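Asker: Structure below; questions to follow.
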Amino acid sequence: MHKITRRQFLVTAAAGTASLSLFGIAPAWATTDTLPLVQHAIPRTGEKLPVIGLGTAGNLDGIRDPATKKRLIVVLQAFFDHGGRLIDSSPMYGDAESAIGELLNDVKNKDSLFAATKVWTYGREAGIKQMYQSFKRMGVEKMDLMQIHNLRDWQTHIATLREWKEQGKIGFLGITTSHGRDHAELERIMEAEELDFVQFSYSMGERAAEQRLLPLAAEKGIATLINRPFQRGELFMNVKGQPLPKWATEFDCHSWGQFFLKFVVSHPAVTCVIPRTSKLEHMVDNMEAGRGRLPDEATRVKMLSLLNSI
């Protein structure tokens, strides 16, 4: 008798759930596991978000044909069926915003969506025009989070975002970077401005954010979104061919992807991590990282020691 692996089960279960949802049939179970969903609070309001979100840079940058659209609908459906809420995008990511909006038309159980995107241009009027375009592309009347992408013209845009927040057009405002060279400037902005969210890179292989950005976010009550948790795939290359340690099950971890994600979200100053994927298997695996136990500080040290020894 063929023995199905856990990963094969996850993929099959996710596809089944997504298919049922697409036909308007609510499955009796929404996840592949009964482990509790881990959620972290947004410091400004106390609203809780699942710790695993979805990034869209390069993975949802366009729907090229009906077959691609159908496949991506199933992937996005699995995100929601497994408890996902926050989807992060940007005008910088090609057609990602439009793809999200189009895919969401065919996804069920999406009422919990926490929509996040960015303004990525120069000038007040250009920024306003771009943000309205993002609303239209993503198909939302209110953007839960609007961020200034890579600090671009942030002094101009932050004034607009404050106005829009007061007017109820956006729920939260933030600022982002994906470049370590901008950490010092981001730190200065965090010190001087009242922000709801900041977004930057943090992973087991890139831990500079532990020095100032994460502690400062905790001190100032700023929520954090984490991009590039897999160090652009480099972490997987580092462990290629290596077995996952048996002690990983002590914090409900069953893959290297979950190992890397659970390390990130177990940091006390991390609110949500946004890995990107367009593959069902990876989506399910990522979402399972947001369930069950997280490593404590002693275990985090042990995880780093293991990675450094490979």
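Asker: For segment 11-62, enumerate the residues that are of a type in the set (A, V, I, L, M), closer than 18 Å to Leu113 by Cβ and modelled with pLDDT under 95. First the steps, then the outcome.
Answerer: In the first step, residues of segment 11-62 are kept if they are of a type in the set (A, V, I, L, M); the result is 11, 13-15, 18, 20, 22, 25-26, 28, 30, 35, 37-38, 41-42, 49, 51-52, 54, 57, 60.
Within this subset, residues satisfying the condition of being closer than 18 Å to Leu113 by Cβ are 18, 22, 26, 30, 37, 42, 49, 51-52, 54, 60.
Ala18, Leu22, Ala26, Ala30, Leu60, listed by residue number.
Asker: Now for a different question. Residues in segment 280-310 that are crowded, with 17+ Cβ neighbours inside 10 Å, of a type outside the set (Lys, Arg) and either touching an Asp or Glu at 6+ places or on another chain (Cβ under 7 Å) or at pLDDT below 95 (or both): how many?
Answerer: 2
Asker: Just to be sure, is Trp164 surrounded by fewer than 20 Cβ atoms within 10 Å (Cβ to Cβ) and either among the charged types (D, E, K, R) or over 20 Å from Ile52 (Cβ atoms) (or both)? Even if it seems obvious, please write down each step before you answer.
Answerer: On the way: surrounded by fewer than 20 Cβ atoms within 10 Å (Cβ to Cβ): yes; either among the charged types (D, E, K, R) or over 20 Å from Ile52 (Cβ atoms) (or both): yes.
Answer is yes for this residue.
Asker: Any idea which residue in segment 42-70 is nearest to Asp144 (Cα to Cα), counting only those that are in contact (Cβ under 8 Å) with a residue 24 or more places away in the chain and not in a loop (DSSP other than H, G, I, E, B)?
Answerer: Leu49
Asker: So, one more: Give Leu151, Leu173, Leu213 a once-over and let me know the one that is in contact with a strand residue (DSSP E or B) (Cβ under 8 Å, 6 or more places away or on another chain), more than 16 Å from Trp120 (Cβ to Cβ) and of a type in the set (A, V, I, L, M, F, W, C). So that I can check it myself, show each step before the final result.
Answerer: On the way: Leu151 fails: more than 16 Å from Trp120 (Cβ to Cβ); Leu173 fails: more than 16 Å from Trp120 (Cβ to Cβ).
Exactly one of Leu151, Leu173, Leu213 is in contact with a strand residue (DSSP E or B) (Cβ under 8 Å, 6 or more places away or on another chain), more than 16 Å from Trp120 (Cβ to Cβ) and of a type in the set (A, V, I, L, M, F, W, C), namely Leu213.
Asker: Is there a residue in segment 251-261 that is under 17 Å from Met204 (Cα atoms), buried (at least 21 other Cβ atoms within 10 Å of the Cβ) and of a type in the set (A, V, I, L, M)?
Answerer: yes
Asker: If you don't mind, another one. Looking at segment 32-58, which of its residues are among the β-branched types (Val, Ile, Thr) and out of contact with any Leu (no Cβ under 8 Å at 6 or more places or on another chain)?
Answerer: Keep residues of segment 32-58 that are among the β-branched types (Val, Ile, Thr), which gives 32, 34, 38, 42, 45, 51-52, 56.
Thr34, Thr45, Val51, Thr56 - these are the residues of segment 32-58 that are among the β-branched types (Val, Ile, Thr) and out of contact with any Leu (no Cβ under 8 Å at 6 or more places or on another chain).
Asker: Let me ask something else about it. Which of (1) assigned to a strand (DSSP E or B); (2) farther than 17 Å from His267 by Cα; (3) not acidic (Asp, Glu) is the odd one out, the single condition Ile226 does not satisfy?
Answerer: Ile226 satisfies every listed condition except (2).
Asker: Return the residues of segment 141-164 that are more than 19 Å from Leu225 (Cα to Cα) and touching a Gly at 6+ places or on another chain (Cβ under 8 Å); say none if nothing qualifies. Walk me through how you get there before you give the answer.
Answerer: Taking segment 141-164 and keeping what is more than 19 Å from Leu225 (Cα to Cα), we get 141-142, 153, 155-157, 159-160, 162-164.
Once the filter is applied, which keeps residues that are more than 19 Å from Leu225 (Cα to Cα) and touching a Gly at 6+ places or on another chain (Cβ under 8 Å), segment 141-164 yields Lys142, Asp153, Thr156, His157, Thr160.
Asker: State whether the residues of segment 184-202 include one that is assigned to a loop (DSSP other than H, G, I, E, B) and either in contact (Cβ under 8 Å) with a residue 40 or more places away in the chain or touching a Lys or Arg at 6+ places or on another chain (Cβ under 7 Å) (or both). Before you say what the answer is, go through the steps one by one.
Answerer: Restricting attention to segment 184-202, the residues satisfying the condition of being assigned to a loop (DSSP other than H, G, I, E, B) are 193-196, 202.
Narrowing the set further to residues that are either in contact (Cβ under 8 Å) with a residue 40 or more places away in the chain or touching a Lys or Arg at 6+ places or on another chain (Cβ under 7 Å) (or both) leaves 196, 202.
For segment 184-202, residues assigned to a loop (DSSP other than H, G, I, E, B) and either in contact (Cβ under 8 Å) with a residue 40 or more places away in the chain or touching a Lys or Arg at 6+ places or on another chain (Cβ under 7 Å) (or both): present.
Asker: With respect to Ala159, determine if the residue is among the aliphatic types (A, V, I, L, M), free of Cβ contacts under 8 Å to residues at least 60 places away in the same chain and buried (at least 17 other Cβ atoms within 10 Å of the Cβ). Steps first, please.
Answerer: Details: among the aliphatic types (A, V, I, L, M): yes; free of Cβ contacts under 8 Å to residues at least 60 places away in the same chain: yes; buried (at least 17 other Cβ atoms within 10 Å of the Cβ): no.
Spelling it out, it is not the case that Ala159 is among the aliphatic types (A, V, I, L, M), free of Cβ contacts under 8 Å to residues at least 60 places away in the same chain and buried (at least 17 other Cβ atoms within 10 Å of the Cβ).
Asker: Tell me which of these Lys169 doesn't satisfy, since it passes every other one: (1) more than 29 Å from Val38 (Cβ to Cβ); (2) crowded, with 23+ Cβ neighbours inside 10 Å.
Answerer: Against the list (1) more than 29 Å from Val38 (Cβ to Cβ); (2) crowded, with 23+ Cβ neighbours inside 10 Å, Lys169 comes up short only on (2).
Asker: Go through the residues of segment 84-104 one by one and say whether even a single one is among the charged types (D, E, K, R), part of a loop (DSSP other than H, G, I, E, B), surrounded by fewer than 21 Cβ atoms within 10 Å (Cβ to Cβ) and at pLDDT below 95.
Answerer: yes
Asker: Please count how many residues of segment 279-310 are under 13 Å from the mean Cα position of the chain (by Cα) and among the small types (Gly, Ala, Ser). Don't jump to the end; show me each part of the working.
Answerer: Here is the first cut: in segment 279-310, the residues under 13 Å from the mean Cα position of the chain (by Cα) are 283, 286-287, 289-290.
This time we only want the ones that are among the small types (Gly, Ala, Ser), so: 289-290.
Final tally of qualifying residues: 2.
Asker: Moving on to the next point. I'd like the residue in segment 202-232 that is out of contact with any Pro (no Cβ under 8 Å at 6 or more places or on another chain) and closer than 18 Å to Leu86 by Cβ and, out of all such residues, is surrounded by the most Cβ atoms within 10 Å (Cβ to Cβ). Before you say what the answer is, go through the steps one by one.
Answerer: Filtering segment 202-232 down to residues out of contact with any Pro (no Cβ under 8 Å at 6 or more places or on another chain) leaves 204-217, 219-220, 224-228, 231-232.
Remaining after also requiring closer than 18 Å to Leu86 by Cβ: 217, 224-228.
On the way: Ala217: 23, Thr224: 24, Leu225: 24, Ile226: 27, Asn227: 19, Arg228: 23.
The qualifying residue surrounded by the most Cβ atoms within 10 Å (Cβ to Cβ) is Ile226.
Asker: In this structure, does Met138 turn out to be touching a strand residue (DSSP E or B) at 6+ places or on another chain (Cβ under 7 Å) and under 18 Å from Leu72 (Cβ atoms)?
Answerer: On the way: touching a strand residue (DSSP E or B) at 6+ places or on another chain (Cβ under 7 Å): yes; under 18 Å from Leu72 (Cβ atoms): yes.
Answer is yes for this residue.
Asker: Related question: Within segment 162-178, work out how many residues are touching a Lys or Arg at 6+ places or on another chain (Cβ under 9 Å) and in a helix (DSSP H, G or I).
Answerer: Number of matching residues: 1.
The values are calculated or read from the model by the stated rules, or taken from the named source; none is laboratory data. These figures come from a predicted structure and were not determined experimentally. Backbone-built Cβ (ideal geometry, glycine too); neighbour counts: all protein chains shown.
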